[in-house]
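> Please see the structure below; I have some questions.
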Amino acid sequence: MAAEASSSSVRSLYRTFNRELIKGILKPRPVAVRRQDALPTYVRRMLRDESAEAKASSLQRLNNITLLIRNTRVHGELLARYNPVYGKSEQERIRATANRVGLEVPDLYEDAEKQVEEGIDEKYRS
């Protein structure tokens, strides 16, 4: 009975690990390609140990890895949700910061120069 419970808990923990791995780290790819990734390969090799002491240690490590992956994913989601400039380019961050205090960022010199040239060209074409 204890062996069945431990094997079901190992299975459950491994499934949880795989779900978190797919949600958090791995991009959607074919299963054959995902099997070659280093972390899942390490975990499969770790769970193949036969001794009871090594198995308990492996389960604790797998639980820790799963928690790390889950918390990293949740942290990224929270950053994206509550930090309005997270993941934006430098120019977009500057523009968002200026808008927050009621200022407008002027166009860059190159953009202004192009607009002037286009404006001059349009004036002469008319």
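The values are calculated or read from the model by the stated rules, or taken from the named source; none is laboratory data. Please read all numbers here as calculations on a predicted model, not as lab measurements. Note that each Cβ is placed from the backbone with ideal geometry, even for glycine, and that neighbours are counted across all protein chains shown.
> Could you please let me know if V85 is surrounded by 12 or more Cβ atoms within 10 Å (Cβ to Cβ), more than 21 Å from I22 (Cβ to Cβ) and among the hydrophobic types (A, V, I, L, M, F, W, C)?
Values: surrounded by 12 or more Cβ atoms within 10 Å (Cβ to Cβ): yes; more than 21 Å from I22 (Cβ to Cβ): yes; among the hydrophobic types (A, V, I, L, M, F, W, C): yes.
It is true that V85 is surrounded by 12 or more Cβ atoms within 10 Å (Cβ to Cβ), more than 21 Å from I22 (Cβ to Cβ) and among the hydrophobic types (A, V, I, L, M, F, W, C).
> Tell me the helices (runs of 4 or more DSSP H) entirely within segment 1-70 that contain at least 1 residues that are at pLDDT 70 or above and surrounded by 10 or more Cβ atoms within 10 Å (Cβ to Cβ).
Counting at least 1 such residues, we get 2-24, 38-47.
> Continuing with this model, one more query. Give all pairs with beta carbons closer than 9 Å in which a residue from segment 69-81 that is farther than 18 Å from L13 by Cβ meets a residue that is acidic (D, E) and modelled with pLDDT of 90 or more; count only pairs at least 6 apart in sequence or on separate chains.
none
> Quick one: is R93 under 22 Å from F17 (Cβ atoms), surrounded by 12 or more Cβ atoms within 10 Å (Cβ to Cβ) and basic (K, R)?
Working: under 22 Å from F17 (Cβ atoms): no; surrounded by 12 or more Cβ atoms within 10 Å (Cβ to Cβ): yes; basic (K, R): yes.
Spelling it out, it is not the case that R93 is under 22 Å from F17 (Cβ atoms), surrounded by 12 or more Cβ atoms within 10 Å (Cβ to Cβ) and basic (K, R).
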